[in-house]
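Beneath this line is the structure, given in structure tokens, with notes to follow.
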Amino acid sequence: MMRHLALALAVALGSAFAAPAFAQQAAQQPAAQQTPTQVVQGIAQQLDSAVAGHQAELKQNREKLIGIINNVFLPHFDVDYAAILVLGQHAREASPEQRAQFSKAFYNSITRRYAEGLLDYTSGAVKVLPATAGDDLNDKRSVVRTQVATGDGKTVSVDFAFRKTASGEWKAYDVSIEGISYITNYRNQVDAEIRKVGLDQLIKNLQTQGDQALKSMEQDKGKASGG
């Protein structure tokens, strides 16, 4: 369950809250002027209002829960770029239409797969760590490191990778939980599935089965690795 919460927070860019004045300042700045940390803080402020304290209501309304993720997180997530990375070598073979279809279907499936993990979210559960010299990889790449507090007193490291788009906005495209990149994790699963059923069938499965298609892929990976 904690992994589902961490992944849900990753999908929703959940993070800790800086001082209210800082968060408000970040939210008011134009998107192109926000640093990756400010993006995370601004989204976190919205999640705090939309999720924390509303779990009972959201548990009964899954579509509203998914809508929160889409409205709060999607504008700050580079879905198309992430999808290309997940497709890996298959992105070069795919048509622009196939890449667009996969991008939409994959994001929707991820959202539905882990949305309910947000029901375990509580205000202040996640802490943004101070930036280090290595976090700004260059002027177009950066990492925001956070820690998610678990119910048993432990913490889970959740790091967000950002890139600056052509429009000058910082957008997230990958998340690593305890050092495991979701891009790398799903790239391996997607590669195996495409080799088994083909890209068109995978897209169809994601479109029609959604989170169940992802769950099946994860189970297949577990069986292949002996888990």
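The values are calculated or read from the model by the stated rules, or taken from the named source; none is laboratory data. Quantities reported herein were computed from a predicted structural model and do not represent experimental measurements. Cβ: placed from backbone, ideal geometry, glycine included. Neighbour counts: every protein chain shown. In case anyone asks, the SASA skips ligands and DNA or RNA and just uses the protein heavy atoms, side chains included. Shrake-Rupley method; radii C 1.70, N 1.55, O 1.52, S 1.80 Å.
How many of the residues in the range 161-170 are open to solvent by less than 50 Å² (accessible area, probe 1.4 Å) and touching a Lys or Arg at 6+ places or on another chain (Cβ under 8 Å)?
Final tally of qualifying residues: 4.
Report every pair of residues separated by at least 6 positions or lying on different chains whose Cβ atoms are under 8 Å apart, first residue within the range 173-195 and closer than 17 Å to Ala213 by Cα, second open to solvent by 60 Å² or more (accessible area, probe 1.4 Å).
Hits for this filter: Asn188/Lys221; Gln189/Lys221; Asp191/Gln89; Ala192/Lys221; Ala192/Ala224.
Restricting the first residue to the range 59-72 and requiring it to be at positive phi, which pairs with a second residue that is open to solvent by 20 Å² or more (accessible area, probe 1.4 Å) and of a type in the set (S, T, N, Q) meet a Cβ separation below 6 Å and a spacing of at least six or different chains?
Listed by first residue and then by second, the contacts come to nothing, as the list is empty.
Anything in the range 81-97 that is farther than 14 Å from Gln189 by Cα, part of a helix (DSSP H, G or I) and open to solvent by less than 40 Å² (accessible area, probe 1.4 Å)? List them, or say none.
Ala82, Ala91
For the range 166-205, which residues satisfy the criterion of being of a type in the set (Val, Ile, Thr), closer than 16 Å to Ser109 by Cα and more than 15 Å from the chain's Cα centre (by Cα)?
Hits for the range 166-205 are Val190, Ile203.
Read through the list (1) open to solvent by 10 Å² or more (accessible area, probe 1.4 Å); (2) touching a residue at least 60 places away in the same chain (Cβ under 8 Å); (3) within 13 Å of the chain's Cα centre (by Cα), then give the number of the only condition that Pro75 fails.
(2)
Exactly one of these conditions fails for Ala94: (1) over 23 Å from Pro75 (Cα atoms); (2) in contact with a helix residue (DSSP H, G or I) (Cβ under 9 Å, 6 or more places away or on another chain); (3) at pLDDT below 90. Give me its number.
(3)
Inspect all residues belonging to the range 20-39 and state whether any of them is within 25 Å of Ala166 (Cα to Cα), at pLDDT 75 or above and of a type in the set (A, V, I, L, M).
yes
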